[in-house]
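The values are calculated or read from the model by the stated rules, or taken from the named source; none is laboratory data. Fair warning: this is a prediction, and the values are worked out from it, not measured in the lab. All Cβ positions, even for glycine, are placed from backbone atoms using ideal geometry, and neighbour counts span all protein chains on display.
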Ligand code: SER
């Protein structure tokens, strides 16, 4: 079937809409008030509270296309299928239809709507372990649809168990669907999990258990269905393309890179893919409704890393400076219909990319100077390993460490080979004689570093997706009060741009062009404390976005016309201090908050201020 990205999104949503699912908007890439996760990593991620039993305003059947961003895959980007940013098509049953229903939907969508011949499909189910028995229900269901037994394989927890997203919470067995991408005239009768020609296109998770902190698997009162289908990969297989970058989600970028470099994609697929993936994902982060700028911490640091990695690979292709905004323009043009926020935030995207290109170029020059100095001061101490010799001075030995080369990479953006090349340029008479040892040490440091950052992001993901501790509820409530207080003091141009809460403090980013004066800070702080002292009730109601708007709610970004949302009000229905669209959870009365104190007001990025505050 020839189908493009937009058609696949539409077919998917239309099919589930026809089957009584509410279509919800993609949530932001920056998780709401969740300090433990950098990015939204899966379609289920913004829905965790509802999978745990909270009522969703749009009902018990949902479907969406969710923007996702995964940091674990950054170094793997460059092959045919790994991406940092991707879109996940998903449908959910929150205690509504069961496993059989989910399988029926998946089957009908794939074989009838997308017209995939079942002879190209294979399935896996959970084989059972000491906690949970084999999933014979899913097995029998696939067989009842006419699937051959040889095409359904039972596998263990590593393959067919999903979640919990944290250390505890909803999880369950899954059934995965694979598509044969090999020779269409030679489809194996039996499914072989090791054969890479079978590509996973869809995962159906049966979230039927709650894993307790003690490690027990207890049946959930509300049995959920959570499904995820990667848009990029599914599009590639449907169009018989061996490579996600040849789909219309990437190909305009590949063409532009060919134009800018004068090279063909086939000449250096890895560099092309890294540049295309990273500038696409950077554009989506910068253009997100809660858009973030490159920085040295958290999400901003990941953003900085992908932009700089793209620039380094662009050097491989001899692409001129200034290319990042040209490619961002291609991304905006390609995705603005689905994600209008990209066009809305175009100026911010361009300015930040330009600034980052310039900063990186400065950092490279600084790195070169450090390299030069290193080559001047190189006296060899007895016992040190000699890595370089200067043949002009009659084999004077020099010293260079893998650690130094790794720092050159990490701090200044020089890949190993580039440092060596620069050494040769700066001191043509220097010969690196232990290059293999140096490279080995460098690679080891690289692996250590990657493991550290992977653990850090896995730890963050595990830490508290469902962190609804009392303290975070209080801080979460305080953000609503502060948001309104800032609008009262500074004006209605104030809009929340992000927030980050843990048990000790809150951080709140908002649109405002100038530094706040001490008086303004005091006014905002006092206003929040007045609401706390007034012991105002906090209540919530479900309504459509339009109703919310008519009732004076703020926080309207990113929702579709007619979509149902949860609206939190501080005060009474007709006389309130704050009214805001939000997912929750919050305290029931502002008196629970104690005393609010602003500790710092600073710049976060261009036009965005940041407040750090505590409750004491
Ligand atoms: N949560 C599952 C996944 O990420 C299905 O959506 O694959």
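Being outside any strand (DSSP E or B) and touching a strand residue (DSSP E or B) at 6+ places or on another chain (Cβ under 8 Å) is the filter here; which residues of the stretch 591-605 pass it?
Across the stretch 591-605, the qualifying residues are 593, 594, 595.
Quick check: is even one residue across the stretch 16-35 at pLDDT below 90, surrounded by 19 or more Cβ atoms within 10 Å (Cβ to Cβ) and in contact with a helix residue (DSSP H, G or I) (Cβ under 6 Å, 6 or more places away or on another chain)?
yes
Scan the stretch 35-81 for residues that are within 15 Å of the ligand (Cβ to nearest atom) and free of Cβ contacts under 8 Å to residues at least 12 places away in the same chain and jot them down.
73
Which count do you get for residues in the stretch 110-136 that are over 18 Å from residue 179 (Cα atoms) and crowded, with 16+ Cβ neighbours inside 10 Å? Show your work before the answer.
First, the residues of the stretch 110-136 that are over 18 Å from residue 179 (Cα atoms): 126-136.
Narrowing the set further to residues that are crowded, with 16+ Cβ neighbours inside 10 Å leaves 126-128, 132, 135.
Residues that pass the stated criteria total 5.
Scan the stretch 22-33 and tell me whether some residue there is within 13 Å of the ligand (Cβ to nearest atom) and over 16 Å from residue 563 (Cβ atoms). So that I can check it myself, show each step before the final result.
Going residue by residue through the stretch 22-33, those that are within 13 Å of the ligand (Cβ to nearest atom) are none.
The answer is no; no qualifying residue exists.
So which residues in the stretch 99-109 are touching a helix residue (DSSP H, G or I) at 6+ places or on another chain (Cβ under 7 Å) and surrounded by 18 or more Cβ atoms within 10 Å (Cβ to Cβ), if there are any at all?
99, 103, 109
State all residues of the stretch 202-226 that are within 20 Å of the chain's Cα centre (by Cα) and either more than 16 Å from the ligand (Cβ to nearest atom) or surrounded by fewer than 24 Cβ atoms within 10 Å (Cβ to Cβ) (or both); if no residue qualifies, say none.
202, 203
I need a count of the residues in the stretch 52-71 that are closer than 25 Å to residue 8 by Cβ and within 20 Å of the chain's Cα centre (by Cα).
8
State whether the residues of the stretch 554-561 include one that is at pLDDT 90 or above and touching a strand residue (DSSP E or B) at 6+ places or on another chain (Cβ under 7 Å).
no
Just give me the residues in the stretch 169-198 being surrounded by fewer than 18 Cβ atoms within 10 Å (Cβ to Cβ) and either free of Cβ contacts under 8 Å to residues at least 40 places away in the same chain or within 16 Å of the ligand (Cβ to nearest atom) (or both), in sequence order.
182, 183, 185, 186, 188, 192, 194, 195, 196, 197 - these are the residues of the stretch 169-198 that are surrounded by fewer than 18 Cβ atoms within 10 Å (Cβ to Cβ) and either free of Cβ contacts under 8 Å to residues at least 40 places away in the same chain or within 16 Å of the ligand (Cβ to nearest atom) (or both).
Residue 30 is checked against (1) in a helix (DSSP H, G or I); (2) touching a residue at least 60 places away in the same chain (Cβ under 8 Å) and fails just one. What number does that condition carry?
(1)
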